[in-house]
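One structure below.
The values are calculated or read from the model by the stated rules, or taken from the named source; none is laboratory data. Because the structure is predicted, anything quoted here is derived from the model rather than measured. Here the Cβ is made from the backbone with ideal geometry for all residues, glycine too, and neighbour counts use every protein chain on show.
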Ligand SMILES: Cc1ncc(COP(=O)(O)O)c(C=O)c1O
């Protein structure tokens, strides 16, 4: 007699309650396991000098114009925005100069998003990005998120890079994308345009130059944008977040050959740049001299800060940006924390023993100096023999 097998019951799936589910219970991509979201601490303290912002808000006149533009845009927020951001790109082209056209501009939500577009278009599986450390801590995350291999080589002893140093790294790594940051974060050091010119002449890779802090340099017009007529694979990335005092507006842009812009347009999300972002950025650009009015002052503050830190026996990296890297401390976290306890937030970043502070208003910079003077006597400084 045939035995009837009992029909197999599907195994019950044990699912944690939605409210008790942990990150570890989720089917994350393996490379995201144990990863933490990027971000400098956003703390509500009196003096915040940790993310290289311009400390001055837009003027009242600019704010009024922004409010008017947003009110006008609000009337048609039922509609999608212009996904080509045509008017904004024309304004950006005018602001940038160098004879660039709007077809050479690619704007997005901060240069963070522009970089992601670049890696989505030119990076990806089996492709490699080469950059030079120490540098901006977001770069490995853009690479991870786009499945691009991230390979670094160290900067030289003065945190700079020569043509031969870059070329020998290219020879060795054979990257698809080379990312050069000038001025570099967190060192504030620059790479001469002539060096990047030679690199571009000797490689077929995409060369991305991150000029987020260009307006703070001694010669802001000495930009790699000038090289664009010579090199179709060069991309210069800029932002309105720093000198331009619009970090909250989230507007960064790439300047490149129109074909490169077409590649970036291919990977962007539809309507990636909201109508509100577009109109706010346009108002800011219409007031460019006013938005940039504090740049000279901030440059001077940074230079004075360098002198002051040096006068107090600290090791200071000479900067061309709005921030300074200084040290070296045996326990930099202790110094960071002691400053924070006194209401001053700076950044624990870069090579070991160093801290980074950015130029603030006179009141903020004074508060930093007062707090540091208080902390320095008990801070253990590293001397070369201790390394
Ligand atoms: C070198 C560098 N590039 C890009 C950015 C990001 O700027 P954005 O606000 O335009 O995304 C930063 C921000 O700190 C930076 O230091």
* Structure fact -> Being at pLDDT below 85 and surrounded by 10 or more Cβ atoms within 10 Å (Cβ to Cβ) narrows 10, 18, 41 down to just 41
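Could you tell me which of the residues 217, 182, 187 is under 19 Å from residue 358 (Cα atoms), within 16 Å of the ligand (Cβ to nearest atom) and surrounded by fewer than 22 Cβ atoms within 10 Å (Cβ to Cβ)?
Only one candidate passes the filter, namely 217.
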* All positions within region 310-334 that are in contact (Cβ under 8 Å) with a residue 60 or more places away in the chain, crowded, with 19+ Cβ neighbours inside 10 Å and either under 25 Å from the mean Cα position of the chain (by Cα) or farther than 18 Å from residue 348 by Cβ (or both) -> 317, 319, 320, 321, 322, 323, 324, 325
* Asked: Regarding residue 285, is this residue at pLDDT 95 or above, surrounded by 15 or more Cβ atoms within 10 Å (Cβ to Cβ) and over 28 Å from residue 79 (Cβ atoms)?
  -> no
* Taking the stated definitions as given, is residue 108 in contact (Cβ under 8 Å) with a residue 60 or more places away in the chain and on the phi > 0 side of the Ramachandran plot? -> no
* Count - residues of region 225-244 that are more than 9 Å from the ligand (Cβ to nearest atom), under 16 Å from residue 92 (Cβ atoms) and either under 13 Å from the mean Cα position of the chain (by Cα) or outside any helix (DSSP H, G or I) (or both) -> 5
* Just to be sure, is residue 71 part of a helix (DSSP H, G or I), under 30 Å from residue 273 (Cβ atoms) and without any contact (Cβ under 8 Å) to a residue 12 or more places away in the chain? -> yes
* residue 25 passes all but one of (1) on the phi > 0 side of the Ramachandran plot; (2) more than 16 Å from the ligand (Cβ to nearest atom); (3) surrounded by 10 or more Cβ atoms within 10 Å (Cβ to Cβ); which number fails? -> (1)
* To do: Give me the pairs, please: first residue somewhere in region 42-67 and under 17 Å from residue 357 (Cβ atoms), second residue anywhere and part of a helix (DSSP H, G or I) and within 16 Å of the ligand (Cβ to nearest atom), beta-carbon distance under 6 Å, and either six or more positions apart or on two chains.
  => 53/247
* **helices (runs of 4 or more DSSP H) wholly inside region 277-374 that include at least 2 residues being touching a strand residue (DSSP E or B) at 6+ places or on another chain (Cβ under 7 Å)** => 295-311, 332-341
* Structure fact -> Picked from region 44-62 (must be surrounded by 12 or more Cβ atoms within 10 Å (Cβ to Cβ) and farther than 26 Å from residue 343 by Cβ), the residue nearest to the ligand (Cβ to nearest atom) is 62
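Taking region 126-137 as the search range and keeping residues that are part of a loop (DSSP other than H, G, I, E, B) and touching a strand residue (DSSP E or B) at 6+ places or on another chain (Cβ under 9 Å), which one is nearest to the ligand (Cβ to nearest atom)?
Across region 126-137, the extreme among qualifying residues is 136.
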* Asked: Under the condition of being away from the ligand (no atom under 14 Å from the Cβ) and in a loop (DSSP other than H, G, I, E, B), which residue from region 138-149 is farthest from residue 183 (Cα to Cα)?
  -> 147
* To do: Within region 240-282, count every residue that is surrounded by 19 or more Cβ atoms within 10 Å (Cβ to Cβ) and under 16 Å from residue 58 (Cβ atoms).
  => 15
* Asked: Across region 118-152, what is the total count of residues that are touching a helix residue (DSSP H, G or I) at 6+ places or on another chain (Cβ under 8 Å) and more than 20 Å from residue 32 (Cα to Cα)?
  -> 6
* Structure fact -> Subset of region 99-123, residues more than 16 Å from the ligand (Cβ to nearest atom) and touching a strand residue (DSSP E or B) at 6+ places or on another chain (Cβ under 8 Å), comes to 100, 104, 122, 123
* Asked: Is there a residue being surrounded by 17 or more Cβ atoms within 10 Å (Cβ to Cβ), within 15 Å of the ligand (Cβ to nearest atom), in contact (Cβ under 8 Å) with a residue 24 or more places away in the chain and in a loop (DSSP other than H, G, I, E, B) anywhere in region 150-157?
  -> yes
